[in-house]
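Inspection log for the structure reproduced underneath, given as structure tokens.
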Ligand code: ISL
Ligand code: CA
């Protein structure tokens, strides 16, 4: 099989918030179809759709009721087939979200095949990702079922071979339709230890993350399904180290093509809890990404991302979303896109969309955010203190509607959007994406470089200036070529030596021929020799 995905860039669409075609306030498949030219022009190769399956939306589609149906609000299967055809007609690929650690409690299996789920007579003290216990009592059975996420997301029992067969059959059904791969939701949590025990502070991750049979199941899935198709797979794997990532992604292991690490997303928190805010120390970020670049250099493959539908907006998080918004958005893009791996762009990232601040908790729609708010209020924490956490880390930062223009509601809908639009849509929107200095055009160049320069795919990575707390600098080398990447993560000038070669790209106007470079605030510059 060719490894075409090593030169690809992925664009993630969160359908509920992308484009509403019929004025009901909810993004939909026909809305995506309308915007395919916008995506094609950007140059991305693969579109990944967050779940579009039938769902009661306790967790916005990550709670699937029927794997074979399209969510009514999003359209019909005919709409989906048309989307797939039009994506392929533009030489792009379409990747589906695969959520098979759990289903909705409204899935028919939950009633008809209770043995597809995990039951115990006694609960443990495990805490769910969305607050409260991971166990829900069911009277009929006089037993508890496991749910690592909300109680409407019961975990599937992967020990049951009949259940696995049903999942593989469903995967084949979508692949036979022509979809080009899967992003696999929390796929490293499908194998739990057989003897579940109480855990310190209810944090049981060591009993369900990268569990005893996870590699057996993935190898089986690969043999029975994945290896039969020319597709791409990426596993979402919280709590995974580079060594474990190699186990999942090394070609000879025949499991997945790549995984999402969470380590770099956890550096701005002071404890195991993401709401426990701490400023980022750039050295932590550099060391972490260096570790992953080296760790998967000749075995396995990295995915590269700053954003997704669960993470705050990167320009607000590691950049400056006020004075230096455009510069820092381009700088962050540069820093990520010259590394080895497959880059992921999350909708709106290419516009430098920012975090949002709503005053009232009622404006927030995310189950994780709402549950956290209620728990912390009950524990006596003030409204204002909790809101500061939500402004920094809440998942709805990523889920406000895509800002297409300065028309009402950012041109996302003619109706009332399911979640409010970020009021800054009047300044930050896609209407000016054609302008040569736009963030969009900058991303477009980065995507094109990756397709045309082997060094970006294959080159060796070396970090420079390890001790510098404001400068993220590295080289890539391959055969006789080299790239030097400088990224100033501060709003102060930084003096560095001028690398050999010529400037390839940067976020400020051209400047050549000096011995040293004085990097401007949030400047990024890349030299090629
Ligand atoms: O979002 C998180 C922290 O804010 C994570 O704990 C997240 O829940 C975890 O990474 C798993 O995410 C995936 O599965 C969840 C779903 O809510 C997320 O949207 C999805 O990306 C359950 O299906
Ligand atoms: Ca709609």
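Throughout, read-outs are computed from the coordinates displayed, never taken from laboratory work. Please read all numbers here as calculations on a predicted model, not as lab measurements. Neighbour counts run over all protein chains shown; Cβ positions are idealised from the backbone, glycine included.
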Subject >> Whole-angstrom gap from segment 133-188 to segment 226-303, using each part's C-alpha centre >> reply: 23
Original post:
Per residue and in cubic angstrom, what volume does the convex hull of the Cα atoms of segment 381-505 have?
Top reply: 200
Subject >> Helix 282-295 vs. the chain, principal-axis angle (Cα, 0 to 90°, nearest 10) >> reply: 70
Original post:
If R0 is 51 Å, what FRET efficiency do you get for residue 322 and residue 479 from their C-beta distance, rounded to 0.05?
Top reply: 0.75
Original post:
How would you order 176-188, 221-233 from highest to lowest mean count of nearby Cβ atoms within 10 Å?
Top reply: 176-188, 221-233
Original post:
Within segment 62-89, what residues put their amide N at less than 16 Å from the label point 7 Å along the Cα-to-Cβ vector of residue 111?
Top reply: 65-67
Original post:
Against the longest alpha carbon principal axis of the chain, how many degrees, from 0 to 90 and to the nearest 10, is the axis of helix 161-177 turned?
Top reply: 50
Subject >> segment 63-135: projected area of the alpha-carbon convex hull, averaged over directions, in nm² >> reply: 7.0
Subject >> Nearest 10 degrees, 0 to 90: helix 325-337 Cα axis against the chain principal axis >> reply: 80
**OP:** Could you tell me the distance between the Cα centroids of segment 449-518 and segment 37-67, to the nearest Å?
**Re:** 35
Subject >> Chain lengthening between residue 251 and residue 173 when straightened (0.36 nm per residue, less Cα-Cα) >> reply: 25.6 nm
Original post:
For the pair residue 291 and residue 119, how long in nm is the line joining their label points, each one 7 Å along Cα→Cβ?
Top reply: 4.2
Original post:
Per 10 Å bin, what percent of the C-alpha pairs of the chain does each bin hold, from zero upward?
Top reply: 4, 18, 29, 28, 16, 4, 1, 0
Subject >> D (Stokes-Einstein, µm²/s), Kirkwood Cα radius, segment 33-162, 1.567 mPa s at 4 °C >> reply: 78
Subject >> Gyration tensor (Cα) of segment 318-402, equivalent ellipsoid semi-axes in angstrom >> reply: 30, 14, 12
Original post:
Once label points are set 7 Å from the Cα along Cα→Cβ at both residue 198 and residue 127, what is their separation, rounded to one decimal in nm?
Top reply: 1.6
Original post:
How large is the convex hull of the Cα atoms of segment 123-162 per residue, expressed in Å³ as a whole number?
Top reply: 85
**OP:** Run the quick spin-label model on residue 509 and residue 165: label points 7 Å from Cα toward the beta carbon, then report their separation in nm to one decimal.
**Re:** 7.0
**OP:** May I have the convex hull volume per residue, in Å³, for the Cα set of segment 193-319?
**Re:** 129
**OP:** Using only the Cα atoms of segment 111-255, each taken as one equal point scatterer with no solvent, compute I(q) by the Debye sum, divide by I(0), and report log10 of the ratio at q = 0.11, 0.15 Å⁻¹.
**Re:** -0.45, -0.82
Subject >> Sites residue 451 and residue 85 - FRET efficiency at Förster radius 25 Å, r taken between beta-carbons, to 0.05 >> reply: 0.60
Original post:
Could you give the radius of gyration (one decimal) and Dmax (whole number) of the Cα atoms in segment 96-176, in Å?
Top reply: 13.2, 42
Subject >> Additional length obtainable on full extension of the chain from residue 223 to residue 500, 0.36 nm per residue less Cα span >> reply: 94.9 nm
Subject >> Cα-based Rg / Dmax (Å) for segment 12-78 >> reply: 12.0, 35
**OP:** Would you order 370, 428, 29, 361 from fewest to most other beta-carbon atoms within 10 Å of each residue's own beta-carbon?
**Re:** 361, 370, 428, 29
**OP:** Write down the percent of antiparallel bridges among all DSSP beta bridges whose residues are both part of the chain, to the nearest 5.
**Re:** 60
**OP:** For segment 256-371, restrict the atom set to alpha-carbon positions and state the Rg and Dmax in Å.
**Re:** 15.2, 49
Original post:
Kirkwood hydrodynamic radius (Cα pairs, Å) of segment 406-461?
Top reply: 14.0
Subject >> Estimated Rh, segment 286-326: Kirkwood, alpha-carbon pairs, angstrom >> reply: 12.2
**OP:** Grab the eigenvalues of the alpha-carbon gyration tensor for segment 444-529, scale each by 5, take roots, and send me the semi-axes largest first in whole angstrom.
**Re:** 21, 14, 13
Original post:
Given 0.36 nm per residue, what is the gain on full extension from residue 470 to residue 359 after removing their alpha carbon distance, in nm?
Top reply: 36.7 nm
